[in-house]
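These notes are about the structure you will find just below.
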Amino acid sequence: MKFIPVFLALSFVLASITAIAEKSYSPPVDRNYPHNVYWGDTHLHTYLSGDAYSMGTSVTPDQAYRFAKGETVRATGGDEVRLKRPLDFMMVADHAENLGVLPALIAGDTQLMKSKDGSYFKEILTNRPALPDVIKAANRKEYDAGTSALMDKRAHSGNYGIDENFKRRVWHGVIDIAEKHYDPGRFTTFAGYEYSSNRPMLHRNVLYLGDPEQTRLTLPFSKYDSSDPEDLWSYLHEYKVKTGGDVISIPHNSNLSQGNTFRLISYNGETLTTAYARLRSSIEPIVEVTQIKGDSETHPFISPDDEFADYESWGKYTSTPAVGKADQKSTGKKTTEKTSGKAAAKSKATQKDAAAKPPSKQANVLNTWQEDIAKQSYVRPALKSGLELQAKLGVNPFKMGMIGATDSHTGLATADEDNFWGKMGSNEPGPYRSSAFAEFTSSGYAAVWATENTREAIFAAMKRREVYASTGPRIKLRFFGGWDYSDSDALTPNIAAVGYEHGVPMGGDLVLTRKNKRQAPSFLIRAVKDPDNANLDRVQVIKGWLDRKGKLFEKVYDVAWSDDREKDKAGKVPAVGSTVDLKAATYLNSIGSPELSVVWTDPDFDRKEASFYYVRVIQIPTPRWTTYDTKIYGLEDMQHTPAPTTQERAYSSPIWYNP
């Protein structure tokens, strides 16, 4: 009996040694959480897109991938171009509608030439002005004339009598070029396309995970198959069931959808159901919140107390309801997508004038109506509506993470203010584009937290929404939510280890337990500047919630900021100031901070109210691309609408809480 305690003690020691041996002395060996952030673009067009080709672009998917990987390529306008830093992943997302038709037509495809519109549009396209001649026009009048000729997009929608064999041949080419450039561990590609439903803009980018054998079993789904996004979702769901592969759909430019992307009824005007919510949430886990055609986070109409809400705002709020299947047959009408920066500026001026006058009853009705349209066009109010729908349907159809992308139609995935190559061919660098197309935004990129640079890892991050958006700068952003973070956690070197151990990352859900039922959630946040870009102004948490009476609210909290500023009496952090020299198109990092790290606890938490939280990181002011153009081309007049400076930003995916 005397030997039993010794034996037990020895067993315990041996077990402890075994446990220690199983855990490696080298911390990275046992690290099982996403530790790398990868940067990419999931929305790039090449000459295979009918509108890109008709507007002068000749860059191929092969050139587009080589450019994204850091190689020097020649742009359509004739200049050599290269990224400052390569991207980590990309999807060429050419339009499904008449995919690859126009290059084949010009190459003399006999089938296309025999079609109804083949010979007619071939003659028009053949006689277009050369893009280099347009960009290097002698004066603005010549530039406008050349641009007008290139902007004729009728050929994109022509009737070419394409059959399934043609579609399959082009689609297989899209898959093959993605496979050619897929280099696991170094550069990831995805096969996909853009579904472009009008009316109005209900566009989606479709991104496939599957291997080539799976993706070859399907074909791109276009608006010619159906303009109803629900039919697209059903088509993609059937693909998943049939092949065992996976696929997601990413909506974009909700800001231009005129209240239709996040409508609280279906495309055909029917009440939303649980089945609708379940299908949409399974196919659309993320949304493109920023890109060349403006920012879709929020708008002053719907976030009047948010001083940073009016960022690269596009869109005007005239009602254009989506046309259902029955209506399509009777109207056959199309809508245009372009909105001008001047029109937006005029709209803002009108709003200010209206605010100075006592509102009439009619004006109040109009403002309410415009606000409702805006609420269904932007991501922040959609996230709020999702809380309400979750309560009614049991499923949140608007539970979306956020990414950025370019939507470039030049084949060049650029989002840097000082290396911006435009939306389309005639927007490539030149002396006239800053005045003719000032409304275009140099934005954006997707950031993904993943374990490795492979299709499987990046796609998995998108599905779980552990992603964030940037307007261009490669800001490194971590965001965790939990119940047990302490202030000192913000100072730890390995913030991710603490974040994952005690909470959930961006895209996750907070769970209330008996242990923490009397606590408010805390959030661990760290933002680090792009090493080749500007310092950070501040970090904000945006909260949306559904109160006990069923009303929706939002609030912006400044949680970390630079330069020892103090909040004013209204609780606002003063502006950071500006170091921008407009004439020289330069700035200094003498203000702002290279890193902001904080643990923030919600002071207004109510455990019975559903809510979401996401982070917005704001940079100090820097020159906008139009200002760089003014400097480079020695222009006399600088564009002031939009403003000549910008405060670029990053948006995290939300963390949700449901009681």
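Computed from the coordinates by the stated procedures, all read-outs in this text should not be read as laboratory data. The structure presented is a predicted model; accordingly, all values stated were derived computationally and were not measured. Glycine also receives a Cβ, built like all others from the backbone with ideal geometry; neighbour counts cover every protein chain displayed.
Give me a comma-separated list of calculated 3J(HN,Hα) values for the range 184-198, in order, Karplus coefficients 6.51, -1.76, 1.60 applied at θ = phi - 60°, integers in Hz, x for any Gly or Pro.
x, x, 10, 8, 10, 10, 10, 7, x, 6, 9, 9, 10, 6, 10
Mind listing the phi-derived Karplus ³J(HN,Hα) values for the range 599-607, rounded to whole Hz, using 6.51, -1.76 and 1.60 with θ = phi - 60°, and x for any glycine or proline?
With the stated coefficients, the range 599-607 comes to 10, 10, 10, 5, x, 10, 5, 10, 5 Hz.
Mind listing the long-range amide H neighbours of THR406? Cut-off is under 5 Å, sequence gap 5 or more, other chains count too, H placed in the peptide plane at 1.01 Å from N.
THR42, HIS43, GLY444
Give me P(r) over the range 126-258, computed from all C-alpha to C-alpha distances, binned every 10 Å, as integer percentages.
10, 30, 30, 22, 8, 1
Which percent of the Cα-Cα distances in the range 26-83 go past 16 Å?
Summing the P(r) tail past 16 Å for the range 26-83 gives 57 percent.
What list of ³J(HN,Hα) values in whole Hz, one per residue of the range 419-426 in order, does the Karplus curve 6.51 cos²θ - 1.76 cosθ + 1.60 (θ = phi - 60°) give from phi, with Gly and Pro shown as x?
8, 9, 10, x, 7, 9, x, 6
Note down, for the range 442-562, the three equivalent ellipsoid semi-axes (square root of 5 times each alpha carbon gyration tensor eigenvalue), biggest first, whole angstrom.
25, 19, 17
Work out which helices of the chain, taken as complete DSSP H runs, extend at least 24 Å along their axis over the Cα atoms and score a mean Kyte-Doolittle of -0.5 or more, then list them.
4-22
On the first, second and third principal axes, largest extent first, how far apart are the outermost C-alpha atoms of the range 514-659 in Å?
65, 30, 29
Largest first and to the nearest Å, give the Cα extent of the range 53-186 along each principal axis.
Here the spans come out as 47, 45, 19 Å, largest first.
What span do the alpha-carbon atoms of the range 540-605 cover on each of the three principal axes, reported in whole Å from largest to smallest?
54, 24, 23
When only alpha-carbon atoms are used, what values of Rg and Dmax, in angstrom, describe the range 367-506?
19.4, 56
Could you tell me the relative contact order of the range 230-287? Use alpha-carbon pairs under 8 Å, at least six residues apart, and round to a whole percent.
It comes to 45 percent, rounded to a whole number.
Per-residue ellipticity at 222 nm for the chain, helices alone: DSSP H runs ≥ 4 residues times -39500 (n - 2.57), over residue total, nearest 500 deg cm²/dmol?
Per the formula, -9000 deg cm²/dmol.
Too long at a 23 Å Cα-Cα cut-off: which of LYS384/LYS463; LYS167/LYS242; LYS167/LYS223; LYS114/LYS180; LYS242/LYS399?
Going by Cα-Cα distance, LYS114/LYS180; LYS242/LYS399 fall outside the 23 Å limit.
For TRP483, which sequence-distant residues (separation of 5 or more, or a different chain) have an amide H within less than 5 Å of its own amide H, given hydrogens modelled in the peptide plane?
SER522
How high is the relative contact order of the chain, in percent, counting Cα pairs under 8 Å that sit 6 or more residues apart?
Reported as a whole number, the value is 14 percent.
Could you pull out every residue, at least 5 positions away or on a different chain, whose amide H is within less than 5 Å of the one on THR414? Hs are placed 1.01 Å off N in the peptide plane, and Pro or chain starts have none.
TRP421
Just how large is the dipole of the chain about the Cα centre, in debye to the nearest 20, putting +1 at every Lys and Arg Cβ and -1 at every Asp and Glu Cβ?
The dipole of the chain has a size of about 1360 debye.
Can you list the trypsin sites (Lys or Arg not before Pro) in the range 136-184 that are in a DSSP coil and have 16 or fewer other beta carbons within 10 angstrom?
LYS136, LYS153
With a cut-off of 8 Å between alpha carbons and a minimum separation of six or more residues, what is the relative contact order of the range 245-317 in percent?
38 percent
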